[in-house]
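The structure appears below as structure tokens.
The values are calculated or read from the model by the stated rules, or taken from the named source; none is laboratory data. Note that this is a predicted model, so its numbers are computed, not measured. Don't worry about glycine lacking a Cβ; one is built from the backbone with ideal geometry, like all the others, and counts go over all protein chains shown. Just the protein is used for accessible areas: all its heavy atoms, side chains included, with ligands, DNA and RNA removed. Shrake-Rupley method; radii C 1.70, N 1.55, O 1.52, S 1.80 Å.
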Amino acid sequence: MSYPEPRYLGDNGEITAVHRPANTAPDLVRGANRTHYLATHAGTGGEFGLYRLDMGPRAPGPSTHFHRTISESFFVLSGSVQLYDGERWATCGAGDFLYVPAGGLHAFKNDSDDPASMLMLFSPGAPREEYFERVAEMAQRGGQEFADFLVRHDSYFVDDAS
């Protein structure tokens, strides 16, 4: 095993770290759900995207879908989250992790009566913010406009056999 080729070629390092305090307000509030943009595609130069999703009780998530260009990982921070791995739903709690490679079917939801929180990691980074911010509006519009929006955001939904 070897490391990737160097991307930083300086001799002394640079002051480039980005700190986001825990009490930073969420970037997106939709009903009882709160999404925190911890590290965006723009902020990481496309390396990855990291988001914290705080879900309210009984919060539905996306139905079964896959991505062609990115992997997605889930790490439950608190509460109980239902994660679908393409074959079965698993009730996951704090510390549970699910990795979904590009092309892998997946879905998630909070079926419990309590709030839940998890991290979502996309690699490589993709500009997911517009997707999070507009998916409900675009779904309501429907038709070809919604279909084009999903393709533009690498989201391919399948008949939900879960």
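Numbers at a glance
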quantity: Average accessible area per residue (Å²) across the range 70-145 - probe 1.4 Å, nucleic acids and ligands excluded; calculated: 48
quantity: Segment T24-A139, length gained on full extension (0.36 nm per residue, minus Cα span); calculated: 38.5 nm
quantity: Dipole axis of the range 1-111 (+1 Lys, Arg; -1 Asp, Glu on Cβ), positive-most option in G103, Y37, A25; calculated: A25
quantity: Fraction of accessible area attributable to carbon and sulfur, the chain (%, probe 1.4 Å); calculated: 54
quantity: Residue-level accessible surface for H67, protein heavy atoms, 1.4 Å, Å²; calculated: 0
quantity: Residues whose placed amide H lies under 5 Å from that of D96, excluding near-sequence neighbours; calculated: V76
quantity: Candidates M120, M55, M138, ranked by Gaussian network fluctuation over the chain, Cα under 10 Å, top entry; calculated: M138
quantity: Separation of the A94 and L119 label points, Cα + 7 Å toward Cβ, nm; calculated: 1.5
quantity: Residue-by-residue Karplus 3J(HN,Hα) for the range 3-19, coefficients 6.51, -1.76, 1.60, Hz, glycine and proline x; calculated: 6, x, 4, x, 10, 10, 10, x, 9, 10, x, 9, 8, 9, 5, 10, 9
quantity: Surface accessible to a 1.4 Å probe, R30 within the full protein complex, Å²; calculated: 90
quantity: Per-peptide average of other Cβ atoms within 10 Å, ordering 104-115, 9-20 highest first; calculated: 104-115, 9-20
quantity: Cut-off 11 Å between beta-carbons: net charge of the residues surrounding M55, Lys and Arg +1, Asp and Glu -1; calculated: +2
quantity: Local net charge near F97, Cβ-Cβ under 13 Å (Lys/Arg +1, Asp/Glu -1); calculated: -3
quantity: In order through the range 49-66: 3J(HN,Hα) via Karplus (6.51 cos²θ - 1.76 cosθ + 1.60), integer Hz, x for Gly, Pro; calculated: x, 10, 9, 10, 10, 9, 9, x, x, 6, 7, x, x, x, 6, 4, 8, 9
quantity: Within-12-Å neighbourhood charge of Y37 [Cβ basis; K, R +1; D, E -1]; calculated: 0
quantity: Value of relative contact order over the chain, rounded to a whole percent, pairs C-alpha under 8 Å and six or more apart; calculated: 26
quantity: Estimated [θ] at 222 nm from DSSP helical runs (n ≥ 4, -39500 (n - 2.57)) normalised by residues in the chain, nearest 500; calculated: -4500 deg cm²/dmol
